[in-house]
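Participant: Quick one: the structure is below, questions incoming.
Values in this text are rule-based calculations from the coordinates and carry no lab data. Since the structure is predicted, the reported quantities are computational estimates derived from the model, not experimental observations. We place every Cβ from the backbone using ideal geometry, glycine too, and count neighbours over all the protein chains shown.
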Amino acid sequence: MSEISSSGRQRSNRQALWRRIDPAVATAFGCIVLLLLVGSIYSPNFLHLDYLLLQLKVASFLGVIATGAMLVILLGQIDLSSPWTITTGAMMACAAAAYGPVGVALAIPFGILCGVAIGIVNGIGVAYLRIPAMIVTLATNAVAQGLMVVYTGGFSPQDEATEAMRYIATGFLIPGVPNAVLVWAVVGAGAVFLLTRTTFGRAVYGIGNSERAAYLSGIDTRHILVIAFAIAGGLAAFGGVLLAGYSSKAAQSMGDVYLLPAIAAVVLGGTSILGGRGSYLGTVAGAILITLLQSILSVMQIPEAGRQVIYGVVIVIMLLLYGRAPASR
Amino acid sequence: MKDWKYWVAEQRGTLFAFVTFVVMFTIYVSNHPAGFTANVVQTAANKGVLLAFVAMAQALVVITAGIDLSVGMIFILTNCLASWIVVGTPLETALGIVGVLLAGLACGAVNGLIVIYGRLQPIVTTIATGAIFFGIALLLRPFPGGGVNEDLADFLTGKIWGVVPVSLLVLVAVVLLVWVPFSRSVMGRAAYATGSSEAAAYMSGMPIRRAKFLTYTLAGLLAGIGGLFLTFFTYTGEAALASGNAYTLFSIAAVVLGGVSLYGGTGSAIGAVFGALAFRAIGDLLFVFDLDPLWQPLFQGVVLLIAVSLGAFALLRVRNKLDWFT
Amino acid sequence: MSRAVPLFRMEGVSKRYGGVRALDGAELTVNAGQIHGILGENGAGKSTLIKIMSGVVEPDAGRMMLDGKEISFASPAAANDAGIVCVFQELSLIPHLSVADNIVISNPPKRFGMIDRRKQRAIAKEALARAGAADIHPQALVKDLPLSRRQMVEIAKALARKPRILILDEATSALTASDVSKVFSVLKRLREEGLALLYISHRMHEIAELADMCTVFRNGSNVASFATGTKSGNEIVEMMIGREYSNVFPAKTPPVLSEKPPVVECRHLAWTDQLRDISFSVRAGEVIGLGGLDGQGQRELLLALFGVLRGVSGQVLIEGQPVGIGSPRQAKRGEIGMALIPEDRKTEGLLLPMSVRDNLSFAALDRVSRGGIIDGTAEKSHIDEMIRLLAIKTAGTDIPAGALSGGNQQKIVIAKWLMNRPRIILLNDPTRGIDVGTKQEIYQLLRKLADEGAAIVFYSTDYDELIGCCDRVLVMYDGGIHRELAGEEITEHALIASALNVEEASVDRTRVAGA
């Protein structure tokens, strides 16, 4: 290998600029613009600010959940327990509200805490027991579901979301900007900070690339894994809290429809499903893209069935473009 | 000679599953208000056989160290399809059955193509294809309904000679016609070898990719047989998301209980069948003990969590910590 | 031997890997009914020779003849079909399959399209009996067998392929003594049956006992072939010496005798059967080499010190204080201050897709952060310092580490640990596969670090480096320290002789050193 000459250096500077713009992120944003244009053919509303803000608000719920999913995927793991972690968060927050003023005050943190607990079980299973993440998280998903079924008696719970939950999901702190969007902005800013400015973030990327190398570099990889799963659980539950605030109550299986979109948002945003690579900006783009896709499909009056098929196909195609494992073997 | 000892060692997982099943089922029937009667067995068999087919499908893929999270959806899709086409004259019914099986096969082949030739992670791929399969199921049956050739359905879910459930016989026939030839073929051996050590299998010049593709495809077929039977039991087709998810989850539980290692290379579909039957028996224990059925999902979840955690004992033997990360 | 056409012959066979010449005009003649021993030090070209013969790699130049007819192999299967079968040192068995399954793996007997298990068992039984391992049950699972039994299954697997030429590459290294004698009688019987056997071993006495002919390899070519018994062990060692080296080494600093306890000392370290009773100490300013043939426990020793292995018995003392090191995280802490430059920079040392910056600060994040938040300015100044110190050539700190040349990648691995200011530096073959210029820089750096007070343990498969860099060399054999060489004693002859466990080598050490 020869060293880089001065003319080569100029070239590599330009390359560095290009490298900053992840092609997957660029594609995702391109697709968003495309979808808006296609949508505007159906209905001019698509380019209205109100509509865009509404979409952004809907995307916030997905965005918060996808943030946790991204953290886990960056580690090269996966969290399939999000459906019932979301539901648990929502149900437990609403349940807490039934316990007087203290319960009302603690509803949101309690819901999140339940998600964190599920995440910690996931993390211990993955990091210390070395069970494949997919299996542990499926199992904890089943346990969470079982707990919720027992708790609710299998019916939609009667507890209502608290004022605070409704406010953060549907209120307006800044006129015109839905609070949910603000919440996502805060969560997103936190995620960006965590991923780019902290030792924890570095460790996450490092483990995602090679847990072996990270371990040999003196990183306590198991610790990091547990924390990351705990955060992911907490964010999923927080997403559930927001959703409960949005619709005023929790419902059975309310999280089921978020598993694939959350993973898809992360992957479509250019985060490698094998871990170690990806930016939060991509996840933002992915969440908006998925939400717009959903919106347009419903505007086009494509039934749920067709949406599922289109989702699946789009995700497989995007994965084939970006997510392939190296050919060598 | 102590040949049998080696046989036992090789079949340990399957035997464990068999024993678990026998114990659980004995507890189940001995506490059942009706006792050990042909009807009780028939009901249990019909419920167990459905999961057994799906678990066999999962086992095939897991043996190669893969996973198929779309088996439940293939199961649902073929159920919806069967509720349209497995009707009418015997000939039409027969063609319909062939159509359903081909559909299952095609779903599995799609998974195999994407995972092996597209080099995508099986988890995400099969979640995504699962969504597609479910979407198609929903297109076929936006609302529960449809029908099935009821004569055939009644025969296949009934008893023969007054005692033996026909569904069990079909299960045995499928094991003999699909699993046994596969496991004794070069492809089957390549599937095991790939799951056990892909590098060593490659060194030995085994047809790794073809074997993997075959397992995904056969998994689709077996899930399709399961879907067909679901139609025979329910007389209808229904695109039930929760049911698809549950079957996927239970198939993994059954595979683990059946002694098929999630890391690949060991176990057999027969083990998974017993794992499925045992899992059903465990789940139904709650009924015979008069516990609130609400506890069933939690109970099944805990059983699954414990089952998958058992594998962690192998970690105690790891002497080089770098082996954790392979 | 008859003057007839030899069973196998290769002429002018060459193979390059990138810039490295692994085999250069090699010649070899193998006759039926003979056991042919192959000797040579690390990197002499033995393994490349075997890989070419067994169809694993294709040669760049030269020709091979079987029965006088020219042949070439597209794959290991083609070589097998031609009758050349290799028992590899690295086990190629599939752990969860039975012994019988493994023995017939490449060509199982079939009936009606299915594998005929009864016949397969018969074949396996026969092969196991031929390999002298009839006590292994064909239905036992390979994973349940101890290592030495697995090696016997490997041999049986090779025999089941009906070879005409059987290659054994360090086939006895994992065997117990009783198995070795069984294998030997089997090999002798196979010789009588007219097979040609190629026997690669670092155990000289084994070659002396078994081989009819010996060929010594050096620098990728054969230097001599002779009938066994016509040369003494010492003469053979002489033939193996003489690799061309072009490295220049920094002057060694004479060790300063000090009253202070050694920086690191181990007492009676042992781990499974791969490390036995290892005791040594390293003082500040010393560079200690680990020598011996590849795979004698050197890697495990470094991993054991670094806290990666579980169940290590014995004691490790840091500056006279006993310590327990349970993980790399503990090992790198200030009070111990250890660093390990791992074996494989691509999977263990670096995070290739991540930036040069992220890689450099990865092991020293605690030093450039406060409360878990990275101080970008401090990080940058540390990184710049390291890039300067090691003269890392990179187009910037934002480019992925994987984009750099091998030498610069290795510099990053070293630099990322130097950022932690370690007192004890363990290096696992750090110069493998990198260019000469970078090698020299690494030698200079090691000496500089030692002069600044670091204690360095340096494993290298390149004897020249051990001679040029180390104050003392511990030669390992079979998981233990076989000999310790210090100062002037460190010669190529002494290194090779003790690596091969040739006892009389020490006698005329001085003559060789002077030569």
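Participant: To make sure I understand, if each residue's beta carbon is the centre and we count other beta carbons within 10 Å, what order do C:Glu484, C:Glu441, C:Glu193 fall in, fewest to most? Mind dumping the intermediate values first?
Facilitator: Values: C:Glu484 14, C:Glu441 18, C:Glu193 10.
By the 10 Å Cβ count, ascending: C:Glu193, C:Glu484, C:Glu441.
Participant: If you find the alpha carbon centre of the stretch B:178-219 and of the stretch C:418-472, how far apart are they in angstrom?
Facilitator: Each part's Cα centre sits 46 Å from the other's.
Participant: Determine the shape class of the protein assembly as shown: with a ≥ b ≥ c the square roots of the Cα gyration tensor eigenvalues, call it rounded for a/c under 1.5, and otherwise prolate if a/b is greater than b/c, oblate otherwise.
Facilitator: It is oblate, given that a/c is not under 1.5 and a/b is not larger than b/c.
Participant: Would you pull out the residues with amide H under 5 Å of C:Lys110's amide H, same chain only if 5 or more places away, H placed 1.01 Å from N?
Facilitator: Placed amide hydrogens put C:Asp116 under 5 Å from C:Lys110.
Participant: Take every DSSP beta bridge whose two residues both sit in the stretch C:8-240, then give the antiparallel share in percent to the nearest 5.
Facilitator: Taking every DSSP beta bridge with both residues in the stretch C:8-240, the antiparallel ones total about 60 percent.
Participant: If you take the Cα atoms of chain B, find Rg, then find the Kirkwood Rh from the mean of 1/r over all pairs, what is Rg/Rh?
Facilitator: Ratio of gyration radius to Kirkwood radius: 0.97.
Participant: Turning to a different aspect of this structure: With all distinct Cα pairs included, what does the Kirkwood hydrodynamic radius of the stretch C:345-420 come out to in Å, to one decimal, could you say?
Facilitator: Across the stretch C:345-420, the inverse of the average 1/r is 12.1 Å.
Participant: Could you pull out the longest piece of chain B with no exposed loop trypsin sites (Lys or Arg not before Pro) in it, calling a site exposed if DSSP puts it outside H, G, I, E, B and it has at most 16 other Cβ atoms within 10 Å?
Facilitator: The reported range is B:120-318.
Participant: Taking only C-alpha pairs under 8 Å that are 6+ residues apart, what is the relative contact order of chain C in percent?
Facilitator: 15
Participant: Using θ = phi - 60° and the Karplus form 6.51 cos²θ - 1.76 cosθ + 1.60, what ³J(HN,Hα) does each residue of the stretch A:274-284 get, whole Hz, x for Gly and Pro?
Facilitator: Karplus values, whole Hz, x for Gly and Pro: 8, x, x, 9, x, 10, 5, 3, x, 5, 4.
Participant: If you don't mind, there's one more thing I want to ask. Tell me which aspartates and glutamates have Cα within less than 16 Å of C:Lys125's Cα, excluding those fewer than 8 residues away on the same chain?
Facilitator: B:Asp3, C:Asp101, C:Asp116, C:Asp135, C:Glu154
Participant: What list of ³J(HN,Hα) couplings, whole Hz, do you get for the stretch B:202-218 from phi and the Karplus terms 6.51, -1.76, 1.60, once you set θ to phi - 60° and write x for glycine and proline?
Facilitator: For the stretch B:202-218, the Karplus-derived couplings read 5, 4, 7, x, 7, x, 4, 5, 5, 5, 5, 4, 4, 5, 5, 5, 5 Hz, x marking Gly and Pro.
Participant: Less than 20 Å apart at the alpha-carbon level, and either on another chain or at least 8 residues along: which lysines does that give for A:Lys249?
Facilitator: A:Lys57
Participant: Something else now. Given only helices, namely DSSP H runs of n ≥ 4 each adding -39500 (n - 2.57), what is the per-residue ellipticity at 222 nm of the protein assembly as shown, to the nearest 500 deg cm²/dmol?
Facilitator: Details: 46 runs with 633 residues, N = 1170.
Here the helix-only value at 222 nm equals -17500 deg cm²/dmol.
Participant: How far is the Cα center of the stretch A:212-254 from the Cα center of the stretch A:130-206, in Å?
Facilitator: So the two Cα centres are separated by 7 Å.
Participant: Which of rounded, prolate or oblate describes chain C when judged by the alpha-carbon gyration tensor and an a/c cut-off of 1.5?
Facilitator: It comes out prolate by the Cα gyration axes.
Participant: With just the Cα atoms defining each centre, how far is the stretch A:50-104 from the stretch B:243-300? Give it in Å.
Facilitator: 29
Participant: Please list the radius of gyration and Dmax for the stretch C:8-240, considering alpha-carbon atoms only, with Å as the unit.
Facilitator: Computed over the Cα atoms of the stretch C:8-240, radius of gyration and Dmax are 17.8, 60 Å.
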